[in-house]
Amino acid sequence: MIYEGKAITVKALESGIVELKFDLKGESVNKFNRLTLNELRQSVDAIKADGSIKGVIVTSGKDVFIVGADITEFVDNFKLPDAELVAGNLEANKIFSDFEDLNVPTVVAINGIALGGGFEMCLAADYRVMADSAKVGLPEVKLGLYPGFGGTVRLPRVIGTDNAVEWIASGKENRADDALKVGAVDAVVSGDKLQAAALDLVKRAISGELDYQAKRQPKLDKLKLNAIEQMMCFETAKGFVAGQAGPNYPAPVEAIKTIQKAANFGRDKALEVEAAGFVKLAKTPVAASLIGLFLNDQELKKKAKHHDEIAKDVKLAAVLGAGIMGGGIAYQSAVKGTPILMKDIREDGIQMGLNEASKLLGNRVAKGRLTAAKMAEALNAIRPTLSYGDFGNVDIVVEAVVENPKVKQAVLAEVEGLVKDDAILTSNTSTISISLLAQALKRPENFCGMHFFNPVHMMPLVEVIRGEKSGDVAIATTVAYAKKMGKTPVVVNDCPGFLVNRVLFPYFGGFSKLLGFGVDFVRIDKVMEKFGWPMGPAYLSDVVGIDTGHHGRDVMAEGFPDRMAVEGRTAVDVMYEANRLGQKNGKGFYAYEMDKRGKPKKVTDPQAYELLKSIVSEQREVTDEDIINFMMIPLCLETVRCLEDGIVETAAEADMGLIYGIGFPPFRGGALRYIDSLGVAEFVALADKYADLGALYHPTAKLREMAAKGQKFFG
């Protein structure tokens with residue numbers, strides 16, 4: 001053994017060839033934490049010191065190669081002074097450069113995913129051979145960063161600037177065939193032949209058949225683009241990527257600027273340019289928010305794993321109520337491998353559900369994400385029925401009938417008598433109390449909420465709602481089924497609106513107040529979209545459905561009368577009474593026309609303005625900042641209340657619920673991280689400025705206490 005550590009070993013194989021193996025003890029994956037970096041330093045030094053070594057292959061002892069840097073460790077470094085952070089980054093980069101500069105050929109065998117720092121390690125080798133099932137990429141832009149271990153320097157010099165810009169700016173994972181096509185790897189083989197292929201490559205380099213020094217040289221030189229080619233390449237790329245990323249996500253464009261700045265330098269000077277830009281991005285609020293999201297997501301996954309121990313295996317599911325929602329749930333279950341019965345009382349409901357599933361599957365086939373054979377398999381896994389014939393074999397039922405407590409209770413009680421005793425029943429209600437619905441059941445411990453968001457195939461969140469009598473097995477099984485469907489489950493306790501809708505309606509309450517002061521809803525939409533929401537509140541109301549919003553508002557007003565009850569008629573009342581229900585019937589705040597692709601396109605409608613005149617109580621001048629505060633303060637305060645009331649267990653779950661459920665701007669990190677970014681004391685002072693607007697704007701006593709103590713929700 002030439003070197004043996006807790007993350008890396010270096011041992012002799014044959015004829016002067018050594019294997020540098022990543023195998024981090026006590027972890028299921030390899031990652032670049034401080035330990036691994038330190039051991040890589042020692043490993044490279046040991047190889048350099050051994051004159052008998054003729055070649056190196058780099059392998060992994062895990063199912064993956066290296067998943068990237070351990071962000072939980074490195075995020076603490078981002079608080080260091082800039083100069084210290086740059087120096088630390090360059091010190092880490094020196095390890096990769098010293099590996100790259102070994103006076104023997106190096107080949108890396110990529111057996112599984114190699115992302116971020118993991119792929120940057122691969123780029124430092126002379127040759128890369130990849131298993132056909134592996135994936136490689138540089139996803140750092142998804143954290144508000146760009147590659148910091150030489151990725152912006154080596155990748156353009158290996159695969160060309162255009163390809164490198166696309167890979168880095170998109171942050172996507174790339175399959176083996178795509179990596180081979182652009183020259184990111186030198187060979188692709190089946191996993192069982194990977195080690196042999198790596199050995200063959202290194203032997204050919206040792207023998208002189210392959211000139212590894214010539215292969216290495218472009219990575220050490222400046223980019224092979226003249227001044228005109230550089231201008232055309234980089235200016236075009238910056239314009240296109242800026243348009244795609246938008247103004248709130250600076251990392252993709254900064255990555256291009258860094259490649260451009262370093263284009264005329266050799267490797268070592270180019271790495272200095274990369275380090276300076278990396279540190280600049282690491283200090284941005286966007287990076288803090290996106291890294292926070294990543295860590296929150298990891299926390300959610302860990303929590304969801306705890307349920308696996310007692311969850312029942314779901315081999316057959318059922319959805320009650322077809323239509324668009326039922327069809328979406330059936331599609332999601334079937335496409336992820338769980339057969340599902342889709343029951344309705346009407347043939348046209350069944351047909352609508354099947355049409356929805358077929359359309360979604362067809363779209364995947366058209367985009368090359370599903371084969372025709374797999375589409376047929378998924379469709380066959382959806383069994384439409386008008387009767388309860390096969391329900392005796394079902395493990396879990398998702399009730400998705402009309403949002404009416406009496407109807408839901410009747411349907412749930414009926415199906416409970418037809419399924420096996422340990423089958424789990426769930427309700428896809430968006431507002432009705434789970435404890436109330438459970439009153440109709442003989443086995444309430446087997447019942448909980450499973451709230452999907454529309455459209456089911458696109459929205460990642462599922463709220464799993466624990467009623468007063470919901471048992472742990474019911475919760476665990478529902479969480480496991482949601483995960484199996486490719487969703488992110490968040491367990492919440494029962495209350496009107498649960499987490500997401502309870503928080504959303506105060507946001508709409510702020511919108512209603514603005515309309516009452518005569519503010520143009522188109523202006524409000526534009527301001528909130530600029531703030532980062534995917535759509536403004538008027539457009540969102542139309543997409544959700546004015547009737548749905550009207551019903552939900554009444555439920556929330558009954559549940560929280562102190563702050564959500566409204567006096568007099570509101571904009572939603574006016575639209576509802578005029579039968580302007582939004583996109584579903586072509587008229588709401590906006591009118592809707594079909595575009596060339598057959599999708600509804602919003603246009604302003606003078607009639608909507610005319611109707612809204614009747615609810616203007618007074619004309620008030622408001623700034624764009626006022627508009628943001630009118631809407632964001634109540635949303636944030638209600639999120640605080642949900643955390644304080646124990647509706648959601650952690651700040652991480654609260655924020656992820658809003659991001660995955662209603663499209664809260666990810667670069668702002670969630671409602672509680674948004675409060676942290678302003679400062680808790682500053683947020684409380686801001687809310688107090690709007691106190692005259694009512695109880696929705698009044699901070700809780702506990703939040704005032706946090707402000708006084710200088711506390712935060714995160715860190």
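Nothing in this text is a laboratory measurement; each read-out follows from the coordinates by a stated rule. Only a predicted model underlies this, so the values are computations on that prediction, with no experimental measurement involved. Here Cβ is always computed from backbone atoms with ideal geometry, including for glycine, and neighbour counts include all displayed protein chains.
General observations
- By DSSP, the beta bridges lying fully in the stretch 314-494 are antiparallel in about 15 percent of cases.
- Summary value for the chain: 8 percent relative contact order, contacts being C-alpha pairs under 8 angstrom separated by 6+ residues.
- Descending by average beta-carbon neighbour count within 10 Å, the peptides 553-559, 38-44 line up as 38-44, 553-559, the highest first.
- Amide H contacts under 5 Å for Arg383, placed H, 5+ residues apart: Ile340, Leu341, Met342
- Calculated from backbone phi, Karplus (6.51, -1.76, 1.60) coupling profile of the stretch 655-667 in Hz, x at Gly/Pro: 5, 5, x, 6, 6, 7, x, 10, x, 3, x, x, 5
- Projected label distance in nm at Lys283 and Asp348, using a 7 Å step from Cα toward the beta-carbon: 6.4 nm
- Computed over the chain, the P(r) tail beyond 41 angstrom holds 40 percent of alpha carbon pairs.
- Highest mean first, the peptides 101-110, 284-293, 182-191, 246-255 sorted by other C-beta atoms within 10 Å per residue fall in the order 101-110, 284-293, 246-255, 182-191.
- Less than 5 angstrom separates the built amide H of Ala187 from those of Arg128, Met130, all sequence-distant by 5 or more or on a different chain.
- Relative contact order computed over the stretch 114-255 (Cα-Cα under 8 Å; 6+ residues apart), in percent: 30 percent
- In terms of other Cβ atoms within 10 Å, Val522, Val202, Val684, Val464 run from fewest to most in the order Val522, Val684, Val464, Val202.
- Panel order for Leu123, Leu281, by other beta carbons found within 10 Å of each beta carbon, from fewest to most: Leu281, Leu123.
- Computed from backbone phi, the HN-Hα couplings of the stretch 704-715 come to 4, 5, 4, 4, 5, 8, x, 7, 10, 7, 10, x Hz, rounded to whole numbers (Karplus: 6.51 cos²θ - 1.76 cosθ + 1.60, θ = phi - 60°; Gly and Pro given as x).
- Cα centroid separation, the stretch 557-604 to the stretch 341-415 (Å): 28 Å
- Asn454-Glu91 FRET efficiency (beta carbon distance; Förster radius 35 Å; 0.05 resolution): 0.10
- For a paramagnetic label modelled on Lys530 (point 7 Å from Cα along Cα→Cβ), amide N atoms under 18 Å away belong, within the stretch 598-632, to 621-632.
- Sites Thr623 and Thr236 - FRET efficiency at Förster radius 45 Å, r taken between beta-carbons, to 0.05: 0.75
- Karplus 3J(HN,Hα) series, Hz, for the stretch 536-544 with 6.51 cos²θ - 1.76 cosθ + 1.60 (x for Gly, Pro): x, x, 5, 5, 4, 4, 5, 5, 5
- Per-residue extension of 0.36 nm, minus the Cα-Cα distance of Asn355 and Glu377, leaves a gain of 6.3 nm for this segment.
- The calculated FRET efficiency for the pair Lys712 and Ser133, based on their C-beta separation and a Förster distance of 30 Å, comes to about 0.10.
- Spin-label model distance (nm) - Phe265 vs Leu678, 7 Å beyond Cα toward Cβ: 4.0 nm
- Charge dipole (Cα centre; +1 on Lys/Arg Cβ, -1 on Asp/Glu Cβ; no other charges) of the stretch 480-598 amounts to roughly 560 debye.
- Packing-based ranking of 320-331, 367-378, 21-32, 422-433 yields 320-331, 422-433, 21-32, 367-378, ordered from highest to lowest mean Cβ neighbour count within 10 Å.
- Restricting attention to the stretch 501-709, the count of lysine pairs at 8 or more positions apart or across chains with alpha carbons under 14 Å apart stands at 7.
- In the stretch 3-283, Rg over Rh equals 0.95, where Rg is the alpha-carbon radius of gyration and Rh the Kirkwood radius from pairwise Cα distances.
- Beta bridges by DSSP in the chain, antiparallel share as percent, to the nearest 5: 30 percent
- Put in order of Cβ neighbour count within 10 Å, fewest first, the listed residues Met631, Met594 become Met594, Met631.
- Nonlocal amide H pairs with Thr488, under 5 Å, H built at 1.01 Å: Leu461, Val462
- For the chain, a simple Cβ point-charge model (Lys and Arg +1, Asp and Glu -1, everything else neutral) yields a dipole of about 1120 debye relative to the Cα centre.
- Mean Cα-pair separation over length for the stretch 314-494, i.e. relative contact order, pairs under 8 Å, 6 or more apart, %: 20 percent
- Put a dot 7 Å past the Cα of Thr385, heading toward its Cβ, do the same for Asn226, and the two dots end up 7.3 nm apart.
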